[in-house]
Structures are given as C-alpha cells and as structure tokens.
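Taking it in order: structure first as structure tokens, then the write-up.
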Amino acid sequence: MTLKGKTALVTGSTSGIGLGIAARLAQAGANVVVNGFGDIDAAVRELSVHGTRIGHHGADMAQPEQIAEMIAYVEREFGSLDILVNNAGIQHVAALEDFPVERWNAIIAINLSSVFHTTRLALPGMRQRGWGRILNIASTHGLVASAGKSAYVAAKHGVIGLTKTTALETATTAITCNAICPGWVLTPLVQQQIDARIAAGASPEQARHDLLAEKQPSLDFVTADQLGELALFLCSEAAAQVRGAAWNMDGGWVAQ
Ligand code: NAD
C-alpha cells in the first residue's frame, strides 16, 4: 500500500505513539507534518530517512488560533491535508476533590477540544478533494475508567463520541473517522506514572510489573510500531467501510 502524494498531520508527534505513527505513514510514502513540544528537529531528522517531505509546526493544541494557523500551514505548504491523526495528549492523576481546575481545563483543551478544532478545520479541504482519513488516538480510558483520572477519562470518552459523530457526518463520503484505543504503551507519558510508583518505594521492575498487572492481562506493553501498523490499515482502502470504530489494541485490558 502506498500513501504517495498524501499529506499527514500528526499532532503530538515529537515522541511516543505520535512519532511511531508518523514514521509508519512516512515509510508508506506520506508527507508528514510533525507537531509537539518535544525535540522537533530530532523527529524531523528521524522521519526524513523515508525520503518523503517532512514539515513541522509548533502549534499549542490548547490554543484554537494556533491550531487554525497549523491547518492553514499544512494546506498552503503541502497542497492538502489528507490524513489527520489527533494524538497530542497529557495526563494528570489526582482524586476528584483534589484535581487542580487548571489541569482539568488543560486536559479537556488538549485531549478533547483540539480534536474538534482540527477536525472542523480539516474537513472542508477533505470534502473538496473527496478523500480523507481522521484517526483519533483515544485510549482504553475512552471505553472504561480508572480512579484518579477523571479529566483524562472524560476527555477520552468524549473523543470516542466525537469520532462517532464525525463518522456519521461523513458516512456517504470517502472520508472516514475512527478512534484507536491503546492500552499501556511505554512512552514518556506512562514513564511518569512508573516513576511515581518508584518514588513511592517500588523497584523499577516492580513498578513496571504492577502497572501492567493492574490492567493489562498480557503483562506486556503495546508498542508504537504496532499502533503505526493499525493506523496504516485504517488509512487503506480495505478500511474504507470502517467508520466510527473505537478499536482497542490493549493486551486484553477491556476484555475483562
Ligand atoms: P507522549 O508524552 O510521548 O507524547 C505526547 C505528545 O503530545 C508529545 O509530542 C507532546 O509534546 C505533545 N503535546 C503535549 N501537549 C501538547 C500541546 N499543548 N500542544 C502540542 N503538543 C502537545 O505521550 P504518548 O503516550 O505517546 O501519548 C500520545 C497519545 O496517546 C495521547 O493522546 C495519549 O493520551 C494516548 N495514549 C497513550 C497511552 C500510553 O500508554 N502511552 C495509552 C493510551 C492512549
């Protein structure tokens, strides 16, 4: 399968899952626009080995005006935005009564509202060109909850609802919208949660094992490479009638 001539924007792609998906799309021939607060030059260098055009935009996904500038940049500089991967996300763990209001607002803005903004701005161009793929990186926490993650769980459930509405509003077109729901993937976002267990007295091995054992029956992490393969499948013509799905890749997490 080739994505030659297509342009993908992957939000939050300077590390972790976003970088893994961006790499797989570039390997399949797509031009890719990188976004995020991590080492953007390193991400651009890593993606450039595949020989496609790689751009970058530093939009803060909490800021609707900056999101609009980024979508305009992609369409202006690359001629089209064909594959939108809404991946940027943050986490904060605290009981509801102690949850900082500022963290709630930031998680809803970055993990949920940004998906509304990128989607509403990308759709007109996709409709005009008659093809598009929108992949929303939700989470198992879009399907089931965990204590201490109220904002994240609310945002990810919201992303799955938004995915379904987007899929219905594009159902008679060649634009599809689906959510991917990863279980634990060992990225900086999850390493923070392992570090919190180490700070509370666990050894690194114990912290890693306990984190997995609580939720993920396989006792093994999902990888960004595996998620990249699923993303590529959802971009293919074989997936043209996969619409509004919330596809879990989670080591058995939500089978329980
Ligand atoms: P990560 O911390 O490695 O990557 C997050 C990316 O988002 C980074 O590039 C970061 O710079 C970017 N980002 C954060 N705030 C931003 C902002 N305001 N504007 C622009 N970019 C911003 O995390 P990850 O684990 O790769 O997470 C990626 C996505 O996958 C998130 O939506 C996360 O909720 C989801 N997810 C992760 C896991 C997991 O186990 N790691 C599981 C399920 C879902």
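The values are calculated or read from the model by the stated rules, or taken from the named source; none is laboratory data. Since the structure is predicted, the reported quantities are computational estimates derived from the model, not experimental observations. Please note: Cβ atoms are built from the backbone with ideal geometry, for glycine as well, and neighbour counts cover all protein chains shown. Remember, those area values only see protein heavy atoms, side chains included, never the ligands or the DNA or RNA. Shrake-Rupley method; radii C 1.70, N 1.55, O 1.52, S 1.80 Å.
For segment 226-236, the condition holds for no residue, the condition being that it is among the aliphatic types (A, V, I, L, M), in the same structural domain as Val115 (by TED's automatic domain parsing) and part of a strand (DSSP E or B). Consider segment 66-85 and keep the residues that are open to solvent by 10 Å² or more (accessible area, probe 1.4 Å) and hydrophobic (A, V, I, L, M, F, W, C). The one that is nearest to Ala26 (Cα to Cα) is Phe78. Exactly one residue out of Ile180, Ile160, Ile198, Ile194 is aliphatic (A, V, I, L, M), open to solvent by less than 70 Å² (accessible area, probe 1.4 Å) and without any contact (Cβ under 8 Å) to a residue 12 or more places away in the chain, and it is Ile198.
For segment 158-167, taking the residues that are touching a helix residue (DSSP H, G or I) at 6+ places or on another chain (Cβ under 8 Å) and hydrophobic (A, V, I, L, M, F, W, C), the one that is farthest from the ligand (Cβ to nearest atom) is identified as Leu162. Name every residue in segment 81-112 that is within 17 Å of Ala179 (Cα to Cα) and among the charged types (D, E, K, R), in order of residue number. Residue satisfying the conditions is Asp82 alone. For segment 126-157, a residue qualifies if it is buried (at least 19 other Cβ atoms within 10 Å of the Cβ), within 16 Å of the ligand (Cβ to nearest atom) and among the aliphatic types (A, V, I, L, M), and the qualifying residues are Ile134, Leu135, Ile137, Ala138, Ala151, Val153, Ala155.
Of everything in segment 65-101 that is outside any loop (DSSP other than H, G, I, E, B) and of a type in the set (D, E, K, R), the residue that is farthest from the ligand (Cβ to nearest atom) is Glu97.
Report, by residue number, each residue of segment 1-60 that is closer than 20 Å to Ile180 by Cβ, among the β-branched types (Val, Ile, Thr) and free of Cβ contacts under 8 Å to residues at least 40 places away in the same chain. Correct list: Thr14, Val32, Val34.
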